[in-house]
Amino acid sequence: METYDPQAIETRWQKLWEDENAFHTPNAGPDAGNAYYVLEMLPYPSGTLHVGQVRNYTQGDVLTHFHRRHGKRVMRPMGFDSFGLNAENAAIRDGGHPRDIIRDNIKKIRVQMKRMGWAIDWDREVASHEPGYYRWTQWLFLQFLKAGQATRKEAPVKWCPKDQTVLANEQVIDGRCERCGTLVEAKMLEQWFFRYTTYADELLDEMELLESWPERVLAMQRNWIGRSEGAELLFRVDELDIDIPVFTTRADTVFGATFFVLAPEHPLVPKLVEGTAEESSVLDYVRRTAARSFAEREEKEKDGVFTGRHATNPANGEAIPIWVADYVLMEYGSGAIMAVPGHDERDYEFATKYDLPIPQVIAPVDGSEPELPYVAKSDEAKLVNSGQFSDLPAPEGEKQIVAWLGGQGRGQSAVSYRLRDWLLSRQRYWGCPIPVVHCPSCGIVPVPEDELPVLLPDIEDYAPRGKSPLESAEDWIRVPCPQCGAEARREADTMDTFVDSSWYFLRYCDPHNDTAPFERAAIDEWCPVDQYIGGIEHAVMHLLYARYFIKVLNDLGFVGFREPFSRLFNHGWVDMGGAKMSKSKGNVVSPDEIVSTYGADALRLNILFIGPADARVDWQATGLEGMSRFLRRLWRVALDVADQPAGEPSGELARKANETIVKVTDDIGRRFAYNTAIAAVMELVNEIAHDPSAPGARFAVETAVSLIQPAAPHVAEELWERLGHRRLWEEPWPTADAALLQRETFVLVVQVNGKVRDRLEVPADLPDEELVARAKESPKVQAHLNGGEIRQTIVVPRKLVNLVTA
RNA sequence: GCCGAAGUGGCGGAACUGGUAGACGCGCCGGACUCAAAAUCCGGUGGGGGCAACCUCGUGUGGGUUCGAGUCCCACCUUCGGCACCA
């Protein structure tokens, strides 16, 4: 018998699919129906693929085939997130140009992807570094600018000293740069931002529109947005005739506010201390704080300095000292707080250190004496020492105090968010140029849309220096102002690559359009994405940015939906040697040798079979042997039955095959349980292999081949052909025959007092009483009944009988 | 500290809605084929007891609900992930 030769088979079918453009799904208009959009997160083309990434795309591939064979017109595109620091740093390190590095990497990865046999529509390929793509990234930026969603402002920002660029908050993990792990520093800089805080409520509330997202992703996004309800109160500084707002969630404690604290970066600090005895010590403190990294600032003991100024507590009119302290953050709330040491742990710590008064204004209702700080805020706590509000429960007290202060124009309800605006500019070379011009007289002027793209110039030296390398591209940066014609300069910063990836899934719908980023009709046909697949690492970052982008585009009328990804599946990553497999950790396993040895089908099966699709798994090369063995067994039984007459479904094997259809369909279509789907097909094949000449064997083999096709498409296609058919990838998915699923008998489990004592094969249609009678007849059961009285009988139809004596 | 997920054989895991715990695979043990090996095939494989039929214990720990709990409830332990000076 001819042996299974994965290399020959895989090469043959891959060539045929490519020649036929088999997985291209052309646009058919928004009314064509049956559209289904399967999307995996845009890969970053660093080096070559490893088996961790193979997991992601193989899962998407199974779904692609599955839905195609259910009659859907499936779009399954691929592209590359090809701007970014990785290629740029590689180029600086090894010489060469990032463009060349990226081009080579993409080429290699494309070859690898084709060798895996993934059903990708290559006609839709995009790469974010190509002018044909980033022209539209720039165009979208201009729409955001027009709409007031892109803005330039000075703000406290995070700076990575190694990468020499600012970072968005989402790109700082534990105070370190998400890319390189360097401790980030605080800087006050003027930068470009997307005002996504204006969409904070929509980003929260419209989670309800999502059909199926993992709860943990939603939790992480909620956490990240960090909405908190409270009040804004105004504290007066009489000496300077100004009011300073604070945000608080504890307006009920305002009578206990005994000092006031400003963040060191607060813009009023210099004004407050100007010309006072404290001026130099305060400014010195501000400078020292600025020099610290965020992590350092967080770890050190709280400290601060008195400004010499006082504010008036709006509740009781007392003058309270104003301090500057680094435990108050400029980027949250208003950068100033009322300090209530009796009822806040941080304020308590600070007051203790500097010997400030710590009055109690909240007490337990039960009259007990709490230890301070007492932070309870519930109906179990009531106000004390709070004037006319004393004795009110804390939540009610809060309401009344806010209303009372509101009546004097000194307070109102307010909401604050942890979320900050998305800082999008980067002081680096390899990214999308921001299409604006700085004119000395007109200010910021957008580049006219018909002049896009602003091409990224070729420059010799793009090493990071803390300002954009494009600053030194003199020919490029000097440009007449589009408005007044005066000599002006281009914006030299480039965009965060997350801007590129916030709209790529729209471009896939209309990838060759050179008059617009996309036609509305193409978007309406395919979007939102039906099934998105990617790693959890983008829970906040890409997924939040893309949601924001779509909301803005929807408000501007460019798309007709609010949420880009209806269903999200987070595949688990692959560990190797105890750590997540990744290029940067140097623990990657390449698919190339595996494909050469075992074939792509065996690798695909192994990565699907290794564990639940959403769980982290350890890479196990030993499984490849098992998968290979399974494929050889399938191959053998298929050739065995190939000369049997056409596959009539009959006998026990046909029934088993039909059960397998039900199981696999549910496992893939509803549960994303590819591992158990494969196990079910293995079971079927094992059963056939026990007696390949049994009735229904050929039908069972054809079913097994058909069901394994989404996971192992090459061998399935080859065997399908050898079984006398053609083009399995276009064949409708098998449906189970209800009549064949009927069993004539079943195994009745008999329990005595809940313990299994016997198993009886009984006719399927026996009535309950008869089942009980048979159960009682069993000698094994009688031995355990031991003549005792049966007090209760439980019958689960077609499953079990439980006889209870106790 | 807060939020989320998870703890099942030697290993990866299965058991979906409370109803046969350990499917499927790896590994291991025994056997067939072979001069031998590989490949392949057959059988076995949670612990303890028994010649055996069987018995008994067993899903992180301790309780509970139930005829029946890996699954539900309460408390706890451990691991992983997220957030954390956010006022």
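The values are calculated or read from the model by the stated rules, or taken from the named source; none is laboratory data. Predicted model, so just to flag it, every value in this text is computed and none were measured. So basically every Cβ, Gly included, is an ideal-geometry build from the backbone, and we count neighbours across all protein chains shown.
Odds and ends about this structure:
- Candidate set: the range A:748-763, residues that are of a type in the set (A, V, I, L, M) and near RNA strand B (Cβ under 6 Å from one of its atoms); chosen: the one nearest to A:N786 (Cα to Cα): A:V756
- Considered as a group, the residues in the range A:224-262 that are under 27 Å from A:I173 (Cα atoms) and part of a helix (DSSP H, G or I) include one that is nearest to RNA strand B (Cβ to nearest atom), and that residue is A:W224.
- In the range A:365-391, the qualifying residues are those that are surrounded by 14 or more Cβ atoms within 10 Å (Cβ to Cβ) and farther than 25 Å from A:P245 by Cα, and the one that is farthest from RNA strand B (Cβ to nearest atom) is A:V365.
- Odd one out for A:D450, checked against (1) out of contact with any Lys or Arg (no Cβ under 6 Å at 6 or more places or on another chain); (2) surrounded by 14 or more Cβ atoms within 10 Å (Cβ to Cβ): (2)
- Residue tally, condition touching a residue at least 40 places away in the same chain (Cβ under 8 Å), more than 17 Å from A:P264 (Cα to Cα) and assigned to a loop (DSSP other than H, G, I, E, B), over the range A:287-317: 4
- Subset of the range A:219-246 (residues that are over 29 Å from A:L272 (Cα atoms) and crowded, with 17+ Cβ neighbours inside 10 Å): A:Q221, A:W224, A:I225
- Odd one out for A:E744, checked against (1) closer than 20 Å to A:L653 by Cβ; (2) in contact with a Leu (Cβ under 7 Å, 6 or more places away or on another chain): (2)
- Yes/no for A:L653 being assigned by TED's automatic domain parsing to the domain that holds A:E717 and crowded, with 20+ Cβ neighbours inside 10 Å: yes
- Each residue in the range A:1-27 was checked for being out of contact with any strand residue (DSSP E or B) (no Cβ under 7 Å at 6 or more places or on another chain) and part of a loop (DSSP other than H, G, I, E, B), and 11 of them qualify.
- In the range A:660-702, residue nearest to RNA strand B (Cβ to nearest atom) [restricted to those that are outside any loop (DSSP other than H, G, I, E, B) and among the basic types (K, R)]: A:K663
- If you go through the range A:160-196 and pick out every residue that is in a strand (DSSP E or B), surrounded by fewer than 21 Cβ atoms within 10 Å (Cβ to Cβ) and in contact with a Gly (Cβ under 9 Å, 6 or more places away or on another chain), you end up with 2.
- Selection status of A:Y332, out of contact with any helix residue (DSSP H, G or I) (no Cβ under 9 Å at 6 or more places or on another chain), near RNA strand B (Cβ under 9 Å from one of its atoms) and closer than 30 Å to A:L383 by Cβ: yes
- Residue pairs meeting the criteria (Cβ under 8 Å; at least 6 apart or on separate chains; first under 22 Å from A:I668 (Cα atoms) and without any contact (Cβ under 8 Å) to a residue 24 or more places away in the chain, in the range A:611-623; second within 6 Å of RNA strand B (Cβ to nearest atom) and not acidic (D, E)): A:G623/A:I610
- Output for the range A:638-647, where each listed residue is closer than 21 Å to A:A680 by Cα and part of a loop (DSSP other than H, G, I, E, B): A:G647
- Checking every residue in the range A:212-223 against the condition of being of a type in the set (D, E), away from RNA strand B (no atom under 14 Å from the Cβ) and not in a strand (DSSP E or B) gives zero matches.
- So A:R297, is it basic (K, R), buried (at least 16 other Cβ atoms within 10 Å of the Cβ), in contact with a strand residue (DSSP E or B) (Cβ under 6 Å, 6 or more places away or on another chain) and more than 19 Å from A:E232 (Cα to Cα): no
- Among the candidates A:R478, A:R490, residue that is away from RNA strand B (no atom under 16 Å from the Cβ), modelled with pLDDT of 95 or more, more than 22 Å from A:M78 (Cβ to Cβ) and buried (at least 20 other Cβ atoms within 10 Å of the Cβ): A:R490
- For the range A:197-211, filtered to residues that are out of contact with any helix residue (DSSP H, G or I) (no Cβ under 8 Å at 6 or more places or on another chain) and within 16 Å of RNA strand B (Cβ to nearest atom), the residue that is farthest from A:A546 (Cα to Cα) is A:D201.
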